[in-house]
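Read through the structure below, which is laid out as structure tokens, and then see the notes.
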Amino acid sequence: MSVHSISNAIRTLEDLLNGLDQAYWEANSLDRKDFFYDLISALHAELSELNKLSVQDHHLAYESVTEEFRAVRPKLSRLRKLVDDFALRSTTAARLENLINQTLVLMGRNSTAP
């Protein structure tokens, strides 16, 4: 089990946020846009809390801060399985799949599956 630092977590979550934002704008239905928006909102909340930390603390082990972010784990797992259906462009789907895998690994040891 590897320990992820806060600075690594911030980079991973910002990359996922960018990927989800791209997928949001490519989505062709309101249901898909709402799905992506929910994930984006949770990531914004988590990153907002992490950005409040002192730079000196960025070497510490990452642990999810917000309940909202911990609650999106099932949705991320669902998106990983359906990424080809949810992301219209193949480059976006491949990027999202990689980013979701990284994020789930990041969340793995700190989250409890419902």
Worksheet item: Considering only protein heavy atoms and a 1.4 Å probe, what is the carbon-and-sulfur percentage of the accessible area of the chain?
Response: 50
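With the alpha-carbon atoms as the only input, what is the per residue convex hull volume for the chain in Å³?
On the way: hull volume 10.6 nm³, N = 114.
Dividing the Cα hull volume of the chain by its residue count gives 93 Å³.
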Worksheet entry | Derived scalar couplings ³J(HN,Hα) [the stretch 36-43; Karplus, 6.51 cos²θ - 1.76 cosθ + 1.60; whole Hz; x for Gly, Pro] | 5, 4, 4, 5, 4, 4, 5, 5
Worksheet item: Over the heavy atoms of Glu14, what accessible area does a 1.4 Å probe trace out, to the nearest 10 Å²?
Response: 80
Worksheet item: Sorted by accessible area with a 1.4 angstrom probe, largest first, how do Ser5, Ser29 fall?
Response: Ser29, Ser5
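About the Cα centre of the chain, how large is the charge dipole given +1 on each Lys and Arg Cβ and -1 on each Asp and Glu Cβ? Please answer in debye to the nearest 20.
Working: 13 positive and 16 negative charges, 60 e Å.
Dipole about the Cα centre, nearest 20: 280 debye.
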Worksheet item: What is the stretch 6-108's relative contact order, in percent, from Cα pairs under 8 angstrom and six or more apart in sequence?
Response: 38
Fill in: Probe 1.4 Å, all protein chains present, accessible-area order of Tyr62, Tyr24, Tyr37, largest first
Tyr37, Tyr24, Tyr62
Response to the item:
Reported to the nearest 10 Å², Arg80 has, with a 1.4 Å probe, an accessible area equal to 90
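The values are calculated or read from the model by the stated rules, or taken from the named source; none is laboratory data. The model shown is predicted, which means the values in this text are computed figures rather than measured ones. Cβ: placed from backbone, ideal geometry, glycine included. Neighbour counts: every protein chain shown. Just so you know, the surface numbers come from the protein's heavy atoms only, side chains and all, with ligands and any DNA or RNA stripped out. Shrake-Rupley method; radii C 1.70, N 1.55, O 1.52, S 1.80 Å.
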